[in-house]
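Here's the structure we're looking at; comments come further down.
The values are calculated or read from the model by the stated rules, or taken from the named source; none is laboratory data. Nothing here was measured: the structure is a model prediction, and the numbers come from that model. Note: ideal-geometry Cβ built from the backbone for every residue, glycine included; neighbour counts use all protein chains shown. We work out accessible area using only protein heavy atoms, side chains counted, and drop any ligands, DNA or RNA first. Shrake-Rupley method; radii C 1.70, N 1.55, O 1.52, S 1.80 Å.
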Amino acid sequence: MFESTIRRMPRPQEVARMTTDEIRESFLVPEILESGGFHGLFTDLDRLVVAGAMPTDAPVELPNHKETGRASFLERRELGAINTGGPGEVTVDGKTFPVEPLGCIYIGMGSEKVSFASKDAKNPAKFFILSCPAHAAFPTTVATRDEATTVALGAQATSNERVIRQYIHENGIKSCQLVMGFTELAEGSVWNTFPPHTHNRRTEIYHYFDMEDRVLAHFMGEPSATRHLFLKDGDTVLSPSWSIHSGCGQGNYKFIWGMAGENQTFTDMDAIAPSTLR
């Protein structure tokens, strides 16, 4: 179910004085995926909702919450979900859509009844879900990993060779304001989103997976006053628009990224020179 409270973000000047535990309580969302159930929370970051559905023996329904102020969760919202587990399917108002491993589904505003299911309870689907407010309706759409728009970045020499797979964006699955995809690092590469950037016109959320038992240091905060979080497989980080968002792991891994804000231009960002970081 949804957590009863809204995750509210501190101001940059407050973060500079926070303890490690306070930073983790504010920005880290651990274990969003619960076997056999649904877990979600509302944030004040562009009113984004972060959730996870991991169905096993029975389908898991998308619940509503009083914070929507509506009769159903998607009455004035849109939703994107990427499957990091086994083969799954999503039923939207009676129509069922298969969602392969590392595939994505977009569900538009106005959909009333949504449920998530696994095709094999022993190899369950793991749906990482993001939702934001919407003012226009777009059709439910599914894309496989191979159908995503791909962008290759970085290099082996700088330990950040990676492929960005864009699903919900201005040249892909159409949405009102949600942007979503995932990045996979090449073997031997450990840095993501480096050199870092900020983008004051939208927030961003990262969900790290395929890390096994390795840990990752995620860097955040204002460029002149950075902080860090040590993360495990399946952890999610909330990134306000004023914060950098970059990570370095013990080995290669994957992470889902999602944004909502004033535009859907993927390259709309403010680059930060590494030599200026503090």
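So here's what we get for this one:
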{"read-out": "Filter result for Asp270 (among the acidic types (Asp, Glu) and buried (at least 22 other Cβ atoms within 10 Å of the Cβ))", "value": "no"}
{"read-out": "Within segment 54-84, tally of residues that are among the aliphatic types (A, V, I, L, M) and either open to solvent by 40 Å² or more (accessible area, probe 1.4 Å) or farther than 21 Å from Pro139 by Cβ (or both)", "value": "4"}
{"read-out": "Within segment 185-245, strands (runs of 3 or more DSSP E) holding 1 or more residues that are among the aromatic types (Phe, Trp, Tyr) and within 23 Å of Arg7 (Cβ to Cβ)", "value": "202-209, 216-222, 225-231"}
{"read-out": "Among the candidates Pro87, Pro98, residue that is touching an Asp or Glu at 6+ places or on another chain (Cβ under 7 Å), open to solvent by 60 Å² or more (accessible area, probe 1.4 Å) and at pLDDT 95 or above", "value": "Pro98"}
{"read-out": "Within segment 164-203, tally of residues that are of a type in the set (D, E, K, R), within 16 Å of the chain's Cα centre (by Cα) and open to solvent by 10 Å² or more (accessible area, probe 1.4 Å)", "value": "2"}
{"read-out": "Selection status of Ala117, at pLDDT 95 or above, aliphatic (A, V, I, L, M) and assigned to a strand (DSSP E or B)", "value": "yes"}
{"read-out": "Residues of segment 123-163 satisfying the condition of being under 20 Å from the mean Cα position of the chain (by Cα), under 25 Å from Ser189 (Cα atoms) and hydroxyl-bearing (Ser, Thr, Tyr)", "value": "Thr144, Thr149, Thr150"}
{"read-out": "When residues of segment 123-142 are limited to those that are assigned to a loop (DSSP other than H, G, I, E, B) and either without any contact (Cβ under 8 Å) to a residue 24 or more places away in the chain or touching a Gly at 6+ places or on another chain (Cβ under 7 Å) (or both), the one surrounded by the fewest Cβ atoms within 10 Å (Cβ to Cβ)", "value": "Pro139"}
{"read-out": "Candidate set: segment 143-161, residues that are part of a strand (DSSP E or B) and open to solvent by 30 Å² or more (accessible area, probe 1.4 Å); chosen: the one farthest from Pro98 (Cα to Cα)", "value": "Leu153"}
{"read-out": "First in segment 247-272 and farther than 13 Å from Met180 by Cα and assigned to a strand (DSSP E or B), second anywhere and open to solvent by 10 Å² or more (accessible area, probe 1.4 Å) and among the small types (Gly, Ala, Ser), Cβ under 6 Å, 6 or more apart", "value": "Cys248/Ala217"}
